[in-house]
Amino acid sequence: MKSPGTPAPPPAWKSDGRVPEDQDTPARCRICIRPVFMGSIVPVAPEAAQRIYRRPHLPDWRIEVACGWLCRQMSIDVSDIPALARGCAVLGTGGGGDVRTGSLAAARAIREYGEVPLVRLADLEEDALIVPLSGIGAPTVSHEMIHSEDEPKRIAEEIERIFGRPPSAVMSSEIGGSNGVAPVAWAAQLGLPLLDADGMGRAFPEVQMVSMYVAGLPADLVVMTDVAGNVVTIRPIDGLWSERLARAVCVAAGSSALMADYVLTAAVARGAVIEGTVTRALEIGRATEGAADPLRALQDRLGAARLIIGKLTDVERRTTGGFVRGTATIEGTGDDRGRILTLELQNENLVAVENGRLLAMVPDLITVVDTETAAAIQTEGLRYGQRVTVLAWPCDPLWRTPKGLETAGPRAFGYELDYVPVEELTAHG
Amino acid sequence: MADLPELGIGIDVGGTNTDAVVLGAQGRVIAKAKRPTTPDVTEGLRAALDAVLAELGHESAREADGPRLEREADGPPPVQDRITRVMLGTTHATNAILERRNLGRVAVLRLGAPATTSVPPLSGWPGDLRKAVSAGEAVVPGGHYVDGREIRPPDLDTIRRFLDGVAAEAVAVTSVFSPASGEHERLVEELVRAEYGLPVSLSHEIGSLGLLERENATVLNAALYGVAAHVTGALVAALAERGLRARPYLAQNDGTLMTLEHAARLPVSTIGSGPANSLRGAAYLSGVTDAIVVDVGGTSTDLGVLAGGFPRESAAAVEIGGVLTNFRMPDILAIALGGGTVVREHGIGPDSVGYRIAREGLVFGGSTPTITDAAVAAGRTPSDGKDWLARLGDMSEGMADMLESAVAVADEMVIDAVDRMALGKSGRPLVAVGGGAFLLPERIPGADRVIRPEHAEVANAVGAAIALASGRVDTILPAGDSRSEAIERAKEEAAARAVAAGADPSRVEIVDLLEVPLSYLSEPAVRVHVKAAGPLAR
């Protein structure tokens, strides 16, 4: 079971591909092997399907024709980008970088290369190669040094050289923030589908803070490329070296690089990636679209606890050990008048405390949103006087395992706290 | 002429009114006028100018009442000759962008390839604006890394081929990290001027770090050259027709002025000058340099903060005509509350009767209850000696209750907005300006007192008339040993830019210096923002 609020798979099929018994249809798409239902298919002749979906630069798998039926596949279009960006910002828990540039890149790539199909792990062959991609670098630099369009292709070529076969899908390493949106552009540029999954289910600041590391996959290969065209392949001995060496390469490359790590097959990815997170980001973004009460809609969609509705009265920032740390104070208004919440920040919102009582802590998700619009506010965008609501909700269960907490629990960020799940902390509030 | 004081005229074109004032020797307001803003802007400008000159004529006639005959015999200089400067704050540029009118065709050139190609120039622009502005776009080799290394040397032949293939009236050049390393942009400027004779906008003269936003501002700037020429032409012609030999200046969005030559290069910096003028005018009229300024208009109220006599600048990116830009704008919070805001049974606004208040408001004999009526009922009236309360006449109890609760709601909106702008800092005064300043209560939590300066209704025109010019630099510098030297250089550059804008070289001062440490870089570095300002040279 995923964290509460994770969308249930559509009733038409289960992620393991089995047909629910109460449904009666034997039809399956010949290519994706999913059961096909009347509600989810568009009947067209094979030639028509080819005309609609075949694009010269794309591999044939996108033509999903089975006995004259076209299995309708979820894909990401230009019109989906704003919702995806809003959702990724919410999942960014204050960090993960600005979604604006990634949104522009994604919209442009879709216009140029076509829609990006969104596939599930179950849709892929067992030995299909999945490439987790992320942009790394200094935030200030990323606003100026925008990625080259050639970067994804160089990574894909290097991976094909190493593995002897081309990658089958792109995955976001980090759904929260800019690295949740930009992979749409990278997938479009490569003519590959995007996997409906990521390695965090949120945003984290360090390379080893990914589900693949927690799942025990070896961090023995990192492929990086920069705007100039350099390609660097690193064979680190573990996740910590991977972070150290990747960071050094990034700095040498002008503090901006595109990185693939934990390249994995669909078989290996099962249980090692967090599934459904792209869909979830889209749904989060759509929840507030045109809603009469955006805050309520967002809270319901997330299954989040509302820690406080109030006003930001203080933001203090200090730089220690290369990281910006800070504390934000929110004073309750309305029903919450008289309450005071403090948020401990680094790149992300990490710990929420009220009057010495813990309300939520990393790796659970804590996001500050504008009370009126329900738009997420990044930690660097926090300003005195903003009317905000703090929402908190459970992380993926993977982060609550001993290895998960060791990797990204409160102590990994320097807080001497024992992790308690947010739903327990807020149960009697 | 030597013993008679010099005069300056400030004109501010607002959404509803065009205001003009004449500032005398001691900086006293000696004439003022308000005229409706016209669709073409220029007519309203002439009307306001004529009105203020007529009033000035009366004033000087009165001044010279006694010894008039004698002085006439000596041939005293006509009052026009005492006016040495005319300063204009105008919305021409904003309107041109919003209405997509009179915009020039721009060749958009970015130096950065092979970097940055995933987001080409003008991505995310509204289609109609892009169509109106772009003569073609290209990303060519060039630009720098954050540490000052070249990405590639600029490829001049590729640039020539691009320019040969487009029909453009101006060129916008944006190079990666140009706020720290501007030489590639200057190289292209030389090429374009020498070989194509076109005007060039360089991004490092216009915006700060943030490639796409700076590029957008640079392209808009290049598209506005024609508008700038039109404004300066109209202003110069208006002055000549009236026999004024004053030197003309344009107001920019940081509350300072620039010469017409400078404005012709940087027309985009006139956008947002209205609120900046209002803030500077409030500081000037009240004599305070640190305050919250509340400018109450007919349909909305703008709040801003004065810090050291200048408008506090916005940290967020600013959208103009659907395009995100990052040049510095005053930090303004606008709320839907003005003199003409309509009062209803269950709340107020956000709609307003606007300029029609003079017909439709209750105190003007109309039938639409407005916030002005509510304020008058609560005993808050303009200080013009008229018996406003009597004009309201007898009211039903229901109407009285409705107006009373409307004032309470309006006060709550103002108090809330003041609190948002105060950023937790208390003890500053609040300066109330604009035509609707009388609407504000006497006490506002978060402000230690409310100042209502004389001539507050033309504070924006007064702000335009204050003679200061400025220059700024925003760049990245190493944080090591060379830091202090580098900061000195940045200060010199900012001062040089202030002089270029028209400041007196001997009186330029650094008015703002901000250092922000950067993370995740190979060597420690700081982002530095310097602003210099000084009085206009004579």
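Local charge for B:ASP512 was computed over the other residues whose Cβ lies under 12 Å away, with Lys and Arg +1 and Asp and Glu -1, and equals 0.
Take the Cβ-Cβ distance between B:ASP481 and B:ALA316 as r, set R0 to 30 Å, and report the resulting FRET efficiency rounded to the nearest 0.05. For B:ASP481 and B:ALA316, the calculated efficiency is 0.30. Within the shell of other residues whose beta carbon sits under 11 angstrom from the beta carbon of A:TYR213, the net charge comes to -4, with Lys and Arg scored +1 and Asp and Glu -1.
Among beta bridges identified by DSSP and lying wholly in the protein assembly as shown, the antiparallel ones come to about 75 percent. State whether the protein assembly as shown is rounded, prolate or oblate according to the following rule on the C-alpha gyration tensor (a ≥ b ≥ c being the square roots of its eigenvalues): a/c under 1.5 gives rounded; otherwise a/b larger than b/c gives prolate, and the remaining case gives oblate. Prolate shape, in that a/c is at least 1.5 and a/b is the bigger ratio. Counting, for every residue in B:154-167, the Cβ atoms of other protein chains within 10 Å of its Cβ and taking the mean gives 0. Between B:GLU169 and B:GLU492, the distance separating the two model label sites (each 7 Å from Cα on the Cα→Cβ line) works out to 3.9 nm. In this structure the amide hydrogen of B:ALA31, modeled in the peptide plane, comes within under 5 Å of the amide hydrogens of B:VAL22, none closer than 5 places in sequence on its chain. Our coupling estimate for region B:174-182, obtained by passing each phi through the Karplus curve with A = 6.51, B = -1.76, C = 1.60 and θ = phi - 60°, is 10, 10, 4, 6, 5, x, 9, 9, x Hz, Gly and Pro reported as x.
The lysines whose alpha-carbon is closer than 30 Å to the alpha-carbon of A:LYS311, local same-chain residues fewer than 8 away aside, are B:LYS425.
In this label model, B:GLU43 and B:ARG538 are separated by 4.1 nm, measuring between points 7 Å along each Cα→Cβ vector.
Kyte-Doolittle cut-off 0.0, length cut-off 30 Å along the helix's own axis using Cα: show which whole DSSP H helices in chain B pass. Length and hydropathy pass: B:397-422.
With Cα atoms defining each centre, region B:217-279 and region B:379-428 are spaced 37 Å apart in the structure. With a point put 7 Å past each Cα toward its Cβ, work out how far B:ARG242 is from A:ARG400 in nm, to one decimal. Each label point is offset 7 Å from its Cα along the Cβ direction, giving 7.4 nm.
Over the C-alpha trace of region B:104-223, radius of gyration and Dmax come out as 12.7, 38 angstrom. Restricting attention to chain B, close to 60% of DSSP beta bridges with both partner residues there are antiparallel. With neighbour counts taken as other beta-carbon atoms within 10 Å, the residues B:TRP388, A:TRP399, A:TRP241, A:TRP393 rank, fewest first, as A:TRP241, B:TRP388, A:TRP393, A:TRP399. Of all DSSP bridge pairs formed entirely within region B:289-457, close to 70 percent run antiparallel.
The local environment of B:GLY463, defined by Cβ-Cβ distances under 12 Å, has a net charge of -3 under the rule Lys, Arg +1 and Asp, Glu -1.
What trypsin sites (Lys or Arg not before Pro) does region A:304-383 have in DSSP loop regions with at most 16 other beta carbons within 10 Å? Here the trypsin sites (Lys or Arg not before Pro) that fit, given the DSSP loop and packing criteria, are A:ARG337, A:ARG339, A:ARG383.
Across region A:232-247, computed HN-Hα scalar couplings (Karplus, 6.51 cos²θ - 1.76 cosθ + 1.60, θ = phi - 60°) run 10, 10, 10, 10, x, 8, 7, x, 5, 5, 4, 4, 5, 6, 4, 4 Hz from first to last residue, x flagging Gly and Pro. Note on region B:6-29 and region B:122-182: Cα centroid distance 40 Å, given to the nearest whole angstrom. Reducing region A:388-429 and region A:193-262 to their Cα centroids gives an inter-centroid distance of 24 Å.
Read the figures in this text as sums done on the coordinates, not as results from a lab. This structure is a prediction, so every number in the text was calculated from the model and none was measured. Every residue, glycine among them, receives a Cβ derived from its backbone with ideal geometry; neighbour counts consider all protein chains shown.
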